[in-house]
Amino acid sequence: MIFSEKAKSNNAFYYEVCMLKLLSDMGYLNEKDLNAIIKIASEDYGASLVLDKNILCLN
């Protein structure tokens, strides 16, 4: 299976957001910190995804 670099970046960004959401749900990150880290990650990955972090992950 061949994925473009953009698809790989978007997949990695999605995975990171899900992990951060899990940490937030466990109480390790507050909403302000979660949003700030997601913003930094989206810039770092150059993500082009539009996500609703409240309903996006399957966990």
Exercise. Would you mind checking which residues have amide H under 5 Å from residue 29's amide H? H placed 1.01 Å from N; only 5 or more apart, or other chain.
Key: 24
Self-check item: Cα-based reach from residue 21 at 13 Å (exclusive), listing aspartates and glutamates while leaving out same-chain residues under 8 positions away
Solution: 31, 33, 52
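Only the coordinates and a few stated rules stand behind these numbers; no lab work does. Only a predicted model underlies this, so the values are computations on that prediction, with no experimental measurement involved.
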